[in-house]
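Some notes on the structure that comes next.
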Amino acid sequence: MSYPFEVYASTDTLIDRTLALIVEEFETAVRERDRFTIALSGGNTPKPLYRKLAQQSLPWEKCHVFWGDERFVPADHPDSNERMARETWLDHVDIPAANIHPLVTAYDTPEQAAQTNETTLKDFFKSAEWPVFDFVLLGMGDDGHTASLFPGTAALQVCDRWVTVGMKEDQPRLTLTIPAINHAHCVAFLIAGANKNPVLQTIFNDKKTDTPYPSQFIQPQGKFIWLLDALAGKDLVPG
Ligand code: 6PG
């Protein structure tokens, strides 16, 4: 399996490249579909990217923001991916409140939250068989997880749902499923840091592993690219 990837000398150039890709896909989607739908990743890597998005002059009224995953915490919790994206980006642009579609966690159980958020997504995407996001931004953990699809968890087997419950150890999360991600027009991994290199070497250099990493199940039908900084991308063999 060949994985299209690009390696950038610094985090700044990596973030600038990712920003340019998002803007390019934003403009294409608005031209072709009069809207742009993007599902965000959480964690630390995308924060400088979101801060740069906050400085862009784009038709934000055409932009609809979703999340690829969310911790099962209140929206104002320090660990909330929604809170992070609002603080770094969404609170600083004129995007209509109705265009922000968080994975809502205010339900009694994670499963109830997953089902309700899936219904909300289906309403937005007019109950298509699968959601077709214009852009899905993904990170990767040093265990090869992406979104909240963690190694050895049941969420990796869920192929008939759009949203499911992911488990990080004993912490429940909400996550898009693998097929829900794979139907996107464009999927980009944004990965930085030396701690991600060992997993990337296994993935990219076809080193044998007992079971594939969750990130390896991301094989979209549309555009696909891994955007890496020099530390994460060290010694990777082009596919
Ligand atoms: C989350 C993310 C998760 C993240 C990776 C990488 O909710 O934490 O969606 O999948 O992208 O854990 O996180 P870092 O960017 O902080 O390394």
Subject >> Fewest-first ranking of Ser10, Ser41, using other Cβ atoms within 10 Å as the exposure measure >> reply: Ser10, Ser41
Subject >> Whole-number percent relative contact order across the stretch 1-137, with pairs defined as alpha carbons under 8 Å at least 6 apart >> reply: 27 percent
Subject >> Rounded to 5, the percent of DSSP beta bridges in the chain classed as antiparallel >> reply: 30 percent
**OP:** Using only the Cα atoms, work out Rg/Rh for the chain, with Rh taken as the Kirkwood radius, to two decimals.
**Re:** 0.94
Original post:
Which net charge results for the neighbourhood of Lys196, defined as the other residues with beta-carbon distances under 11 angstrom from its beta-carbon, given Lys and Arg at +1 and Asp and Glu at -1?
Top reply: -2
**OP:** Note the full-extension length gain between Gln157 and Asp142 as 0.36 nm times their separation in residues minus their Cα-Cα distance, in nm to one decimal.
**Re:** 3.3 nm
Original post:
For Glu87 and Asp123 in the same chain, what is the full-extension length gain: residue separation times 0.36 nm, less their Cα-Cα distance, in nm?
Top reply: 10.3 nm
Subject >> Residue-wise HN-Hα coupling along the stretch 176-183, computed from phi with Karplus coefficients 6.51, -1.76, 1.60 (Hz; x: Gly, Pro) >> reply: 4, 7, 4, x, 5, 6, 5, 8
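Among DSSP bridges having both ends in the stretch 110-189, what percentage is antiparallel? Round to the nearest 5. Don't skip to the end; give the middle numbers.
Values: 7 of 10 bridges.
Around 70 percent of the beta bridges assigned by DSSP in the stretch 110-189 are antiparallel ones.
Find out how many positive minus negative residues lie around His92, taking Lys and Arg as positive, Asp and Glu as negative, among other residues whose Cβ is under 10 Å from that of His92.
With Lys, Arg at +1 and Asp, Glu at -1, the net is -1.
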Subject >> Inter-label distance, nm, simple model (7 Å from Cα along the C-beta direction), Val104/Asp79 >> reply: 2.2 nm
Original post:
Relative contact order, percent, of the chain when contacts are C-alpha pairs under 8 Å separated by at least 6 residues?
Top reply: 24 percent
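Give the longest segment of the chain that steers clear of GluC sites (Glu not before Pro) in DSSP loops with at most 14 neighbouring Cβ atoms within 10 Å, not counting the sites themselves. Can you show the working numbers first?
On the way: sites that count: Glu129, Glu169.
Excluding the exposed sites themselves, the longest stretch runs over 1-128.
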Original post:
Quick one: what do you get for the stretch 156-239 if you divide its Cα Rg by 2.2 N^0.38 Å?
Top reply: 1.18
**OP:** Give, as a single signed number, the net charge of other residues whose beta carbon lies under 11 Å from the beta carbon of Phe150, with Lys and Arg counted +1 and Asp and Glu -1.
**Re:** -1
Original post:
In what order do Lys196, Lys62 fall by count of nearby beta-carbon atoms within 10 Å, going from fewest to most?
Top reply: Lys62, Lys196
Original post:
Which loop-located trypsin sites (Lys or Arg not before Pro) does the stretch 66-166 contain, where loop means any DSSP state but H, G, I, E or B and the Cβ has at most 14 other Cβ atoms within 10 Å?
Top reply: Lys126
Original post:
Remind me, relative contact order of the stretch 62-163 in percent, using alpha carbon pairs under 8 angstrom and six or more residues apart?
Top reply: 24 percent
**OP:** Quickly estimate the mean residue ellipticity at 222 nm for the chain, helices only: each DSSP H run with n ≥ 4 gives -39500 (n - 2.57), and the total goes over all residues, rounded to 500.
**Re:** -8500 deg cm²/dmol
Original post:
Are any of the pairs Lys207/Lys234; Lys47/Lys208; Lys47/Lys168 more than 26 Å apart by Cα-Cα distance, and if so, which?
Top reply: Lys47/Lys208
**OP:** Return the long-range amide H neighbours of Phe224 (sequence gap of 5 or more, or a different chain), with a cut-off of under 5 Å between placed amide H atoms.
**Re:** Val187
**OP:** Obtain the nm distance between the two label points defined at Thr209 and Arg51 by a simple spin-label model: each point lies 7 Å from its Cα along the Cα-to-C-beta direction.
**Re:** 3.0 nm
**OP:** Specify which residue in the list Val187, Pro74, Cys63 is farthest towards the positive end of the charge dipole of the chain, using unit charges on the beta carbon of Lys, Arg (+1) and Asp, Glu (-1), about the Cα centre.
**Re:** Val187
Original post:
Picking from Gln216, Gln115, Gln157, which is most flexible by a Gaussian network model of the chain using Cα springs under 10 Å?
Top reply: Gln157
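Since every read-out is calculated from the coordinates, none of them should be taken as a lab result. As the structure is a computational prediction, the values presented were derived from the model and not from experiment. Counting neighbours? That spans all protein chains shown, and the Cβs are built from the backbone with ideal geometry, glycine included.
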